[in-house]
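Read the structure below first, then the notes.
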Amino acid sequence: MTAVFGRGLKTLSLLTAVLVTAAFALVFFYAPNDADQGFVQKIFYLHVPLAIVALCGFVAGGAFGIQFLRTGDRAHDLRSYVAIHISLILAVGALVTGSIWAKASWGHWWVWDEPTLVSFLIVFLLYACYQPLRFSIEDPERQARYAAVFAIAAGAFVPINFIAVRMSQSFSHPRVLSATGGAMPGSMRLTFLVSLLGFALLFITLWKLELTSKHASMQLKRLRRRLELDVEQQQQRAGAPAPPVSTVPAQPARD
């Protein structure tokens, strides 16, 4: 199974490095400055892909949770856990870059009446409860089932939350993308798409890397427990008392 998780990881890592490097090169040397926001708008090429990939990762965690409940295969539970874990890390990056962008655009690190920021924070805080809930349950089977149910419910909330924000009539958030994404010039659109693809591949690379690492760690723990059990059994056999020896004199043989 470790070989399955790690299959193609080297090629994927190289492709990810190339695309992420190309994305940053396009951001700083190809995409023009925004007419209204100037150079600070370039953080958009980091902030928005991070947010999109994080939200998609949360939904993917719910999809793997459905697969686990359907099949009972613990590999799907591991995939769900790792997808949510990586998405949480990317979500932190999205919140940090969003705050920097808000400070540059509005003069404040955070604006509570902006639905885009607040809704993403709600999603982040919701998923921040995932790991404490998961690891508060000691039984592995119950832990996996409860975590899968949480991932499915939270994953269903993500698109609902996104649609609700899109339907709101707020114009205060600095938007470079329109509702269709077609308002950007060609150079900006290309840079954004390359950046989005690069961060999507980064997510998949980190996901496969952590899957491989965790599965190898689980196998090592199983082997260690098996070895400890074998050693304990050998010690018990070596320390077992010898069978009792009879002290009754043998009866003489009769002719």
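Inside the range 98-121, residues that are loosely packed, with under 13 Cβ neighbours inside 10 Å and in contact (Cβ under 8 Å) with a residue 24 or more places away in the chain make up a count of 1.
Among the residues of the range 58-72, is there at least one that is of a type in the set (Lys, Arg) and within 21 Å of residue 208 (Cβ to Cβ)?
Taking the range 58-72 and keeping what is of a type in the set (Lys, Arg), we get 70.
This time we only want the ones that are within 21 Å of residue 208 (Cβ to Cβ), so: none.
Looking through the range 58-72, none of the residues is of a type in the set (Lys, Arg) and within 21 Å of residue 208 (Cβ to Cβ).
For residue 165, indicate whether it is assigned to a helix (DSSP H, G or I) and either under 22 Å from residue 200 (Cα atoms) or modelled with pLDDT of 80 or more (or both). First the steps, then the outcome.
Numbers: assigned to a helix (DSSP H, G or I): yes; either under 22 Å from residue 200 (Cα atoms) or modelled with pLDDT of 80 or more (or both): no.
When the stated conditions are applied, residue 165 does not pass them.
Residues that are touching a His at 6+ places or on another chain (Cβ under 8 Å) and surrounded by 18 or more Cβ atoms within 10 Å (Cβ to Cβ) do not occur anywhere in the range 41-61. Being modelled with pLDDT under 90 and in contact with a Gly (Cβ under 8 Å, 6 or more places away or on another chain) is a property that holds for residue 189.
The values are calculated or read from the model by the stated rules, or taken from the named source; none is laboratory data. Bear in mind the structure is a predicted one, so any value in this text is a computation, not a measurement. Ideal geometry is used to build each Cβ from the backbone, glycine not excepted, and the neighbour counts take in all protein chains shown.
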